[in-house]
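Colleague: Handing you this structure, nothing more for now.
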Amino acid sequence: MKETILITGYNGELGSKTLKKLVSMGKSIIALDINDPIEKIHSVSYIKDTITNYQLINSIFKDYHITKVYHFAALLSQTASQNPELAFEINEKASKNLIDCSYTFGIKNNCITRFFFPSSIAVYGPTKIENASEQDIIKPTTVYGNNKLIIEEYGSKLHEKSLSKNVGLDFRSIRFPGVISYDTVPTGGTTDYAPQMINNAKKGKKFECKLSPNTILPFIGIDKTITSIIDIMGLKTIESKLRVFNVQEASFSIKELSDFLLRKFPSFQITYNKDKNFQSVADTWPSSLNCEKANKFWNFSTEKNFEVFIKKIINK
Ligand code: SER
């Protein structure tokens, strides 16, 4: 049977770009999403369904030789807080089921299924820390952060179990900060103010910010995000017990971003209307991430310069 990749949540910000990249690499792909494809790619087999359809997931693994899984289907932080039960079903239960299938069918097929899980800075808390490394205090205060942490641990545990048998699951995960794209403006997340603010400034629209100007959070651009996913999944092995890695390109306050946008787009207007649902979350997430482990184990490198980072995004 032909080696096939399964990608879930392919219509989302990360999923859509990862899918395109994998297509350009000539891979055989099954793409699953609850919505129809926004743009259809001829060589991709699309399935419109939910990842909570366990019978379907099982039949995908039975009917195809799935060797890699990119699992993007999820509810983001603010949406998860508003729908904790659904977040549990999607972010936790269905993710565990996908990991279980990857592990079980890996054993059945006498191979190792490589599994990518996008985790998040939401696993940190309860207080804001600087230069957070992977093992730093991790007591998430949000539903979303808890969902992500449980899956990080679940995947890492099955990975370790697979190591001794040399079949099963190879779990790889990246803890993403806020992601900024050129062409999509996300909603449902706490870090979404940055892409939304940039988009409004470019279009000459006002922006009302739900967080205070001195809030600092880490970010990464979409190009680096996709390269990181492809890189970490492309390696034959990652010689580390640590399966979840931190990455970031720049860390900055809302004031730094708005000052920069005001210089570039002098008519841009920003107002502040603090929302405690947003501020209380941002205050528990790190202001910056330490990326030394990602650099050491899979060569992640970063520009570290706010102006270069933002200019690149705005000019694209
Ligand atoms: N960007 C995500 C959010 O704000 C965090 O991973 O929900």
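Colleague: Tally Lys and Arg at +1 and Asp and Glu at -1 over the other residues with C-beta under 12 Å from the C-beta of Gly125: what net charge comes out?
Modeller: Neighbour charge sum, excluding Gly125 itself: +1.
Colleague: Add +1 for every Lys or Arg and -1 for every Asp or Glu among the other residues with Cβ under 13 Å from the Cβ of Thr50, and state the total.
Modeller: Its environment carries a net charge of -1.
Colleague: Right, something else. Report the charge-dipole magnitude of segment 15-66 in Debye, nearest 20, computed about the Cα centre from +1 at each Lys and Arg Cβ and -1 at each Asp and Glu Cβ.
Modeller: That gives a dipole near 240 debye.
Colleague: How large is the charge dipole for segment 79-206, taken about the Cα centre, if only the Cβ atoms of Lys, Arg (+1) and Asp, Glu (-1) carry charge, to the nearest 20 debye?
Modeller: Result for segment 79-206 is approximately 280 debye, rounded to the nearest 20.
Colleague: Here's a follow-up. What number comes out for the charge environment of Asn246, summing +1 per Lys or Arg and -1 per Asp or Glu over other residues with Cβ under 11 Å away?
Modeller: -1
Colleague: Rounded to two decimals, what ratio of Rg to Rh does segment 203-301 give with C-alpha atoms and a Kirkwood Rh?
Modeller: We get a ratio of 1.08 for segment 203-301.
Colleague: Calculate for the chain the 222 nm mean residue ellipticity that helices alone would give, adding -39,500 (n - 2.57) per DSSP H run of length 4 or more and normalising by residue count, nearest 500 deg cm²/dmol.
Modeller: Estimated from H runs of four or more residues: -12000 deg cm²/dmol.
Colleague: Over segment 195-286, what is the mean sequence separation of C-alpha contacts under 8 Å (at least six apart), divided by residue count, expressed as relative contact order in percent?
Modeller: 53 percent.
Colleague: Write down the radius of gyration of segment 42-81 and its Dmax, each obtained from C-alpha positions, in Å.
Modeller: Expressed in Å, the Cα Rg and Dmax of segment 42-81 come to 12.8, 37.
Colleague: Scaled to the compact-protein estimate 2.2 N^0.38 Å, what is the alpha-carbon radius of gyration of segment 165-224, rounded to two decimal places?
Modeller: Its radius of gyration relative to the 2.2 N^0.38 Å reference: 1.54.
Colleague: For the chain, find the longest principal axis of its Cα atoms and tell me its angle to the long axis of helix 254-264, 0 to 90°, nearest 10.
Modeller: 70 degrees
Colleague: If you fit an axis through the alpha-carbon atoms of helix 13-24 and take the longest principal axis of the Cα set of the chain, what angle between them do you get, 0 to 90°, nearest 10?
Modeller: Tilt relative to the chain: about 50 degrees.
Colleague: Please list, by residue number, every one of the trypsin sites (Lys or Arg not before Pro) in segment 183-227 that is coil in DSSP and has at most 14 other beta-carbon atoms within 10 Å.
Modeller: Lys205, Lys206
Colleague: Using a 10 Å cut-off around each Cβ, can you sort Ser95, Ser181, Ser120, Ser301 from fewest to most neighbouring Cβ atoms?
Modeller: Ser301, Ser181, Ser95, Ser120
Colleague: Rank these for me by crowding, Phe219, Phe268, Phe171, going from fewest to most other beta carbons within 10 Å.
Modeller: The most exposed by this proxy come first: Phe268, Phe219, Phe171.
Colleague: Additional query: Is the shape of segment 1-86 best called rounded, prolate or oblate, per the rule: a/c under 1.5 gives rounded, else a/b larger than b/c gives prolate, else oblate, with a ≥ b ≥ c the square roots of the Cα gyration tensor eigenvalues?
Modeller: oblate
Colleague: Translational D (Stokes-Einstein, µm²/s) of segment 97-141 at 20 °C and 1.002 mPa s when Rh comes from the Kirkwood sum over C-alpha pairs?
Modeller: 165 µm²/s
Colleague: To test your reading of the geometry: what angle, between 0 and 90 degrees and rounded to tens, separates the Cα axis of helix 54-63 from the longest principal axis of the chain?
Modeller: Relative to the chain, helix 54-63 is tipped by roughly 60 degrees.
Colleague: A follow-up question, please. Beyond 17 Å, what share of the Cα-Cα pairs of segment 70-113 remains, rounded to the nearest whole percent?
Modeller: Across segment 70-113, Cα pairs with separations above 17 Å total 41 percent.
Colleague: Also, I was wondering about something else. Looking at segment 20-101, which GluC sites (Glu not before Pro) are DSSP coil and have at most 10 other C-beta atoms within 10 Å of their C-beta?
Modeller: Taking segment 20-101 and a limit of 10 other Cβ atoms within 10 Å, the loop GluC sites (Glu not before Pro) found are Glu39.
Colleague: About the Cα centre of segment 58-144, what is the dipole size in debye to 20, counting +1 per Lys and Arg Cβ and -1 per Asp and Glu Cβ, all else neutral?
Modeller: So the magnitude is around 260 debye.
Colleague: May I pose another question? Which GluC sites (Glu not before Pro) from segment 172-258 combine a DSSP loop assignment with at most 11 other Cβ atoms within 10 Å?
Modeller: The qualifying sites are Glu239.
Colleague: Let me ask another. Under the definition of Cα pairs under 8 Å and six or more residues apart, what whole-number percent is the relative contact order of the chain?
Modeller: Here the relative contact order equals 18 percent.
Colleague: Provide, for q = 0.09, 0.13 Å⁻¹, the log10 of I(q)/I(0) from a solvent-free Debye sum over equal Cα point scatterers in segment 51-185.
Modeller: -0.29, -0.59
Colleague: Using only alpha-carbon positions, what ratio does the radius of gyration of the chain give when scaled by 2.2 N^0.38 Å?
Modeller: 0.98
Any read-out appearing in this document is the output of simple, stated calculations on the displayed coordinates, not a laboratory observation. The structure presented is a predicted model; accordingly, all values stated were derived computationally and were not measured. As a convention, Cβ positions derive from the backbone with ideal geometry for all residues, glycine included, and neighbour counts pool all protein chains shown.
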